[in-house]
1. If we keep just the residues of region B:24-71 that are within 14 Å of another protein chain (Cβ to nearest Cβ) and in a helix (DSSP H, G or I), which is nearest to B:P86 (Cα to Cα)?
2. Conditions first: (1) surrounded by fewer than 17 Cβ atoms within 10 Å (Cβ to Cβ); (2) modelled with pLDDT under 95. B:R122 passes all but one, so which condition is the exception?
3. I'd like to know if region B:60-74 contains one or more residues that are aliphatic (A, V, I, L, M) and under 17 Å from B:S90 (Cβ atoms).
4. Determine whether B:I324 is under 20 Å from B:V26 (Cα atoms) and either among the aromatic types (F, W, Y) or modelled with pLDDT of 95 or more (or both).
5. Of the residues A:E5, A:E53, A:E75, A:E14, only one is of a type in the set (D, E) and touching a strand residue (DSSP E or B) at 6+ places or on another chain (Cβ under 6 Å); which?
6. Within region B:262-284, can one find any residue that is buried (at least 21 other Cβ atoms within 10 Å of the Cβ) and within 14 Å of chain A (Cβ to nearest Cβ)?
7. Among the listed residues B:A195, B:A153, B:A187, which satisfies the condition of being touching a helix residue (DSSP H, G or I) at 6+ places or on another chain (Cβ under 8 Å) and farther than 18 Å from B:T217 by Cβ?
8. Could you count how many residues in region A:22-57 are in a loop (DSSP other than H, G, I, E, B), under 24 Å from A:A96 (Cβ atoms) and not hydrophobic (A, V, I, L, M, F, W, C)?
Amino acid sequence: MPDSEALHASHRLEYPYSRSVGPVIGAFLTGLRDGRLLGVKGSNGSVIVPPTEYDPTTGDDTGDMVDVGPGGVVESWAWVSHPLPKHPLTTPFAWALVRLDGADTALLHAVDSGGPDELATGDRVTVRFRPAAERIGAMADIEAFVPEGGAA
Amino acid sequence: MSAAASAAGRTNRPVSVASFAQAHNVRRDDEHNEVEMLMPVVAEVFGAIGITKDDVDFICSGSSDYLIGGPFSFVTALDAVGVWPPKPESHVEMDGAWALYEAWVLLQEGEIDAALVYCFGRSSPGNLNEILALQLDPYYVAPLWPDPVSLAALQARALIDAGKATEEDFAAIASRSRRDALSNPNAQVANDTPAQTLLEDEYVVSPLRRHALPPITDGVAAIVLAAGDKARRWSKSPAWITGFDHRIETHSLGARDLTSSSSTAMAAQRAGLSDGPVDIAEIHAPFAHQEIILVEALGLDDTVAINPSGGALAANPIMSAGLIRIGEAASRISSGQARRAVAHATSGPCLQQNLVCVLEGE
């Protein structure tokens, strides 16, 4: 059968749900919109960032929200020479686990450091938010982290 | 059953891997859909021990709708076995190793004596970098679209920074795995390339070079589990499952120690791995550096042959690569090449979830 006679049907798969992010994740995302970084107190007094409703180690409920950052330390990183279409930056960047000042766990995000030779584990970085008018209460409100005091 | 019962160790009811089959793993199978890929493998796993679907009491499969891009694809996949007369049947959106675990639990309860487990996944039609990002935390991580190679690279860097490994170690593992795969007729990537040569590869995501990544694979696999008289009748040298456990760690990547695998260590302990020595280990380490973490977590010394099949670096059929580790380990017990073996499967980013299966011959 020639292609022109083949039957075709379009198929659009979607899950049009809306989800409530709840009191802890919601507070963190609202904080991003307002240009703040928040963590939550874990069951043993540690500060968990990004915050969760339960302590990832013990499973206990978490407590009060506290401000963290805006600076932090790179705990590990991976250099992306060729960003993929959906990556947060279009130019070469590092994924990094950043332990923000005041936090005991690390946040995954992009670091815009210029090049792989300008980044090392243990380096200090600081947050670069999008302009306030563009922020919507989502992870993309953080454009990237940048070396503290650096030009990037 | 006394010999089997004594071999049963940590499990209540002896269950054996009675038969194992897998497709030849390939980069891209354009000519067959999932059902057509499964049919010859199901026929082989039954035919090798002279049984049919009528001889099993339960069927459990492992697959992911995200790969095929359509809901309930596991329902159509049942056509590979035949839907009439109906059999009790279940499915997990996980690697077939976890489908095997579900069937094993049912066998432990004593209601059934035999089960078919199969799994399938074609990576080629879609974009794994984007599909696998969808398994991540939907609020904090998935919106950034980190790909599996990038996340593995964060783990590899942490391992290097901790002084637990070097890039040369990653290359040595990749070199050994693909050399061992030369004797595996189902391997996708098999060659004899020295580690020094591999270190000339470009970085994909630094510090991971091309050789440290798994191949992208289309593949399927199946196992028949049997207990009681059926285990004896279907195999002259059964590979008994003597310990079986799986554990998961937090989904918060930054709250984990990525350089160790506490969930693997706990599963191994509960499966009684250290009750005796093992001859071989089939470890599901999609990225070369993950073998180092898993060997430590399993407490294996250098007398143990690691991944004689070539492991996931030789073929990494998504949803099947874990089950294949159990099948490869069982095959070596049934053939007499090993007396006791451990098989491992992983799921999630950076070895988040891990399954340990201890197998013994007689």
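1. If we take residues in region B:24-71 being within 14 Å of another protein chain (Cβ to nearest Cβ) and in a helix (DSSP H, G or I), then B:D65 is nearest to B:P86 (Cα to Cα).
2. With respect to (1) surrounded by fewer than 17 Cβ atoms within 10 Å (Cβ to Cβ); (2) modelled with pLDDT under 95, B:R122 is out only on (1).
3. For region B:60-74, residues aliphatic (A, V, I, L, M) and under 17 Å from B:S90 (Cβ atoms): absent.
4. yes
5. Working: A:E5 fails: touching a strand residue (DSSP E or B) at 6+ places or on another chain (Cβ under 6 Å); A:E53 fails: touching a strand residue (DSSP E or B) at 6+ places or on another chain (Cβ under 6 Å); A:E14 fails: touching a strand residue (DSSP E or B) at 6+ places or on another chain (Cβ under 6 Å).
After ruling out the rest, the residue left standing is A:E75.
6. In the first step, residues of region B:262-284 are kept if they are buried (at least 21 other Cβ atoms within 10 Å of the Cβ); the result is B:263-264, B:267-268, B:271, B:273, B:278, B:280-284.
Next, from what is left, pick out any that are within 14 Å of chain A (Cβ to nearest Cβ): B:263.
Scanning region B:262-284, I find at least one residue that is buried (at least 21 other Cβ atoms within 10 Å of the Cβ) and within 14 Å of chain A (Cβ to nearest Cβ), so the answer is yes.
7. Residue meeting the stated conditions: B:A195.
8. 11
The values are calculated or read from the model by the stated rules, or taken from the named source; none is laboratory data. Every value quoted in this text rests on a predicted model; they were computed, and no experiment measured them. We place every Cβ from the backbone using ideal geometry, glycine too, and count neighbours over all the protein chains shown. Accessible surface areas use protein heavy atoms only, side chains included; no ligands, DNA or RNA. Shrake-Rupley method; radii C 1.70, N 1.55, O 1.52, S 1.80 Å.
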